[in-house]
Amino acid sequence: MPNLEAPDQQADSRDFAAVAERDRGMDTDIFRVKVTQPERTQDQAALVARVRLAAGSIGLSIYHLVEEEAAHGRAVLFAPVYIGAGAIIWFEAGADPPSQTVFAALLIFAVGFFLKREAGRALRHLLFAGMLLCSGMALAQCETWRASTTMLDSAVTTTITGRIERREADDKGRWRYVVALESTEKPAIRRPPERVTIFVRKQPQPFELGDRIQGRARLTPPAGPALPGLNDFAFSAYFDGIGANGFAYGTPTLVSPAGDITGGSVLDRADIWLAGLRSSIGDRIRTLLPGDTGAFAASLVTDERRAISEDTTEALRTSGLAHIIAISGLNMALSAGIFYVGLRYALSLFFGMAQAWPTKKIAAFGALVTVTAYYLISGFGVSAERAFIMMAIMLVAVLFDRPSISLRNVALSAIVILILSPSQVLGPSFQMSYAATLALVSGYSLWTRRPHRESVLSQFQIMRPLLFVSRFFGGILSTSFIGGLSTAIFSIEHFHRLATYGLVANLAAMPVVSFIVMPFGMAATLLMPFGLDAFFWQITGAGLDVVIVIAKTVAAWGGNIPFGRLPVWLFPMVIAGFLLMTLLRTWLRHAGALLILASVAVVALSPDVRKPDLMISEDGTLVALLRNGALTTNREKPPDFIFEQWQRALAITQQQPPTILPPDSQLPKISKSDIHRRLSSDEQTAVRKAMDAALDNAGQGGFACQKRAWCVAMLDNGDMLVTIEDAAYLAPACDTANIVVIPVRLRLDRCRSGATLFTGATLRRTGSIEIDLSADKPITRNAFQTLTRPWNLHRAYDWRTGTFGALIAPVSPVSDSGE
């Protein structure tokens, strides 16, 4: 190879070789290699230069793409993203961020944004993002102040007096009432909630809205997460204004009927009137169409879904058709579209009017009135409110000659909803609705920008009906596919499952919904005041029967893929990639797809999320061990509400019930009246021996139980677990076991023997608990680390003293650290 070095470089190399050979006596062959070092350095420098050139070219291309996105106004589309992110940060914080800091930061970013309008695009967008992020936090703070819901601190049986604000029947014949409490007695609750929901069984004639009732009821606080990281039902209850749930003992007494209502604001009276109208419409529909058909039809009009049987509801979920029963964008769009097209077609029949008047805007205004009336009788549900705002913005855009289907309208509707109710950003309904809408509108935008080619078949008159049908079903296929794909991650994250046959079910059901259910249902609703609705409801019911058959048929195929809990970082990463794909229009949107694919690949190649070995419910009544792919429980029939959430979150369906031991005459008998009984020394010895012997009878490492007394199990690390029903068994349980669980609220937090003790009092503060026994020291995770947020502050309240205790949830002594 020829030597390309410069003459001075060659001389320096030879001098260096000679000196090194003389001083060190090393072989000259080595120095021949040294001589070629500058040549390799040049190659490396050239490679570095090429890399820098490529990086600069890529950076310049990205810069131009960003400039193009900004020129198209895409930065504005990220406004609801920043507001929602700020709300999420505020709601997910361990404690309320200082309001003074939030509003001060908002003021600083707002002033900076308006003063630096002539600054660079990057700085201006950074100030814009910071301003909206702080706005989201401020809106979350204001909504929390506005709600200020008083939550019941502990379960209680009391006599309540209140006025009925809402009512709804369920599939079991019970009535669910939302009651505005006026007073409680026997005992009087020191910190009573403003509103509660109660179920009344076997009530032949329901109460009317506005009736004032009184009766004995069992009230409990809204449930917390079934496992750490799962949905906290107290959060949604707080912002819904519901402070307690419960059921009535017998049928409450009617104190005064609704007709005796006096006072109250105009809005309150209007609200009661609308609720009564909604209830009467639902009753009318269920009278004409009994069973699931009537309940399904009523849900489409009034959003009353509890009357649909569990089998039908589960079939709709499994088949991917559950979105039909919620008053969402689909229902609003079909209602507005049917009225808009029908009215515009009717006006076009009058040639003079069509020429002289803007029939398009008249039809849009009529559709706006229709969806407004639909929203008023729908019960103001979250999904209905969101769908109404979105549809109203689109129809108003038509009135002002603006494009109705655009990402800007979607962003504007999201901003309006986040201003009104920022807490919705954490709910699956908001997330799935806007994910599907974003994907569909973005896909529509790409479709309209494609090169348009007229089909050759359209030239033949006989082929046009076939083309229309193929385009219709093609539209259903594409929208169902896009909607299902865009909401898949939300279904996995919130519900831990994915409906694989949803595309087939929607392809079969949506033509029935679009051409039979919604048109005839709308006609029946409009004709109901005149008593001419029965025929149209029958046709609507026939269509819904077909939908139910489709749902049950597809659900019978299976295909419902269960997913356990995923890594916490996956959900936000996929959301970020999805937003880039849908909100950008240049080649930069493909970075979102790469981000999603990379995240999914990392999860697929990584080990599964570690599942807990031991789970304890927040009230201490249910305890389960994970053994051989099954959940072994201390209850023969665990409560469905908690246990089904455990099964979905862990992707485990099999349950191993406890081994029930035969009655032992040597064991003490404790009745419910012996609440303060203490066992004698001999009785404690007998119980200890029975607990030790019971481990030999525990099947396959599960629980062995004495009914209504105690259960024992051996853990994988060799520790013994005992769950007890009564405090009388506490002493022998502590002497025998390493971990003791009792649902009774005790003032003790540790056994005298040193065993770990979980009581109703400690679990009230920590929430549900899961324990990992695989490490040298067991690792415990609590559902709550602090009790400073308004929706869990009630857990720290002591009704005896009327004060709040420590706001830091205790960490279980099983481990030195908890998450």
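The values are calculated or read from the model by the stated rules, or taken from the named source; none is laboratory data. Computed from a prediction, not measured in an experiment: that's the story for all the values here. Virtual Cβ from ideal backbone geometry, glycine too; neighbours counted across all protein chains shown. The protein model used for the area step is the full one, side chains on, heavy atoms only, and it has no ligands, DNA or RNA in it. Shrake-Rupley method; radii C 1.70, N 1.55, O 1.52, S 1.80 Å.
Each residue in segment 689-734 was checked for being in contact (Cβ under 8 Å) with a residue 40 or more places away in the chain and surrounded by fewer than 17 Cβ atoms within 10 Å (Cβ to Cβ), and 7 of them qualify.
So, in segment 330-377, how many residues would count as being among the aliphatic types (A, V, I, L, M), open to solvent by less than 70 Å² (accessible area, probe 1.4 Å) and in contact with a Leu (Cβ under 8 Å, 6 or more places away or on another chain)?
10
The residues of segment 529-579 that are closer than 30 Å to ARG648 by Cα and among the charged types (D, E, K, R), listed by number, are ASP545, LYS552, ARG565. Pick out the one residue from ILE83, ILE108, ILE89 that is in a helix (DSSP H, G or I), open to solvent by 30 Å² or more (accessible area, probe 1.4 Å), within 14 Å of SER423 (Cα to Cα) and modelled with pLDDT of 90 or more. Result of the check over ILE83, ILE108, ILE89: ILE89. How many of the residues making up segment 480-512 are more than 16 Å from the chain's Cα centre (by Cα) and part of a loop (DSSP other than H, G, I, E, B)? Qualifying residue count for the region: 2. Whether any residue in segment 117-125 is under 23 Å from the mean Cα position of the chain (by Cα), open to solvent by 70 Å² or more (accessible area, probe 1.4 Å) and more than 21 Å from VAL416 (Cα to Cα) is what I want to check. Checked against the condition, which is being under 23 Å from the mean Cα position of the chain (by Cα), open to solvent by 70 Å² or more (accessible area, probe 1.4 Å) and more than 21 Å from VAL416 (Cα to Cα), segment 117-125 yields no hits at all. Do any residues in segment 130-147 that are of a type outside the set (Val, Ile, Thr) have Cβ atoms under 7 Å from those of residues that are open to solvent by less than 20 Å² (accessible area, probe 1.4 Å) and not in a helix (DSSP H, G or I), where the two are at least six apart or on different chains, and which pairs are they? Sorted first by the residue in segment 130-147, then by its partner, the pairs are ALA147/GLY241.
In this structure, ASP311 does satisfy being within 30 Å of VAL517 (Cα to Cα), of a type in the set (D, E, K, R), open to solvent by 60 Å² or more (accessible area, probe 1.4 Å) and modelled with pLDDT of 85 or more. Screening segment 271-376 for helices (runs of 4 or more DSSP H) wholly inside it with 2 or more residues that are more than 29 Å from TYR434 (Cβ to Cβ) and touching a Ser or Thr at 6+ places or on another chain (Cβ under 9 Å) returns the ranges 291-302, 329-348, 351-356.
On the stretch given as segment 99-132, residues that are in contact with a Gly (Cβ under 7 Å, 6 or more places away or on another chain) and of a type in the set (Gly, Ala, Ser) total 0. Restricting ALA315, ALA307 to residues that are small (Gly, Ala, Ser) and in contact with a strand residue (DSSP E or B) (Cβ under 6 Å, 6 or more places away or on another chain) narrows the list to ALA307. Across segment 763-790, the qualifying residues are those that are of a type in the set (S, T, N, Q) and under 19 Å from LYS611 (Cβ atoms), and the one among them that is farthest from the chain's Cα centre (by Cα) is SER774.
Of all residues in segment 745-758, exactly one satisfies the criterion of being in contact with an Asp or Glu (Cβ under 7 Å, 6 or more places away or on another chain) and either buried (at least 20 other Cβ atoms within 10 Å of the Cβ) or β-branched (Val, Ile, Thr) (or both), namely LEU757.
Can you tell me which residues in segment 214-236 are hydrophobic (A, V, I, L, M, F, W, C) and either crowded, with 23+ Cβ neighbours inside 10 Å or in contact with a strand residue (DSSP E or B) (Cβ under 6 Å, 6 or more places away or on another chain) (or both)?
ALA217, LEU219, ALA226, LEU227, ALA234
All conditions in (1) charged (D, E, K, R); (2) modelled with pLDDT of 85 or more; (3) loosely packed, with under 15 Cβ neighbours inside 10 Å hold for ARG497, with the sole exception of (3). Looking only at segment 523-566, residues that are surrounded by fewer than 15 Cβ atoms within 10 Å (Cβ to Cβ) and hydrophobic (A, V, I, L, M, F, W, C) come to 8 in all. As for segment 670-685, it holds no residue that is within 34 Å of the chain's Cα centre (by Cα) and either open to solvent by 50 Å² or more (accessible area, probe 1.4 Å) or closer than 30 Å to PRO562 by Cα (or both).
Going through (1) more than 25 Å from the chain's Cα centre (by Cα); (2) surrounded by 15 or more Cβ atoms within 10 Å (Cβ to Cβ); (3) farther than 23 Å from TRP447 by Cα one by one, PHE388 falls short only on (1).
So is PHE578 in a helix (DSSP H, G or I), touching a residue at least 24 places away in the same chain (Cβ under 8 Å) and out of contact with any Gly (no Cβ under 8 Å at 6 or more places or on another chain) or not? Taking the combined requirement at face value, the residue does not satisfy it.
Restricted to strands (runs of 3 or more DSSP E) entirely inside segment 166-254, those with at least 3 residues that are closer than 20 Å to GLY276 by Cβ are 175-185, 195-200. Please specify each residue of segment 622-681 satisfying the condition of being part of a loop (DSSP other than H, G, I, E, B), acidic (Asp, Glu) and free of Cβ contacts under 8 Å to residues at least 24 places away in the same chain. Passing the criteria: none in range. Here the condition is being of a type in the set (Gly, Ala, Ser) and over 30 Å from LEU274 (Cα atoms); of SER328, SER319, SER335, SER383, it holds for SER319 alone. Close contacts from segment 756-782, counting a first residue that is closer than 19 Å to ALA649 by Cα and a second that is aromatic (Phe, Trp, Tyr), with Cβ to Cβ under 8 Å and a gap of 6+ residues or different chains, come to GLY767/PHE784; ILE769/PHE758.
Give the residues of segment 148-171 that are open to solvent by less than 20 Å² (accessible area, probe 1.4 Å) and acidic (Asp, Glu), sorted by residue number. Matches in segment 148-171: ASP153, ASP170.
Could you check how many residues of segment 522-557 are within 30 Å of LEU498 (Cβ to Cβ) and in a helix (DSSP H, G or I)? Residues that pass the stated criteria total 14.
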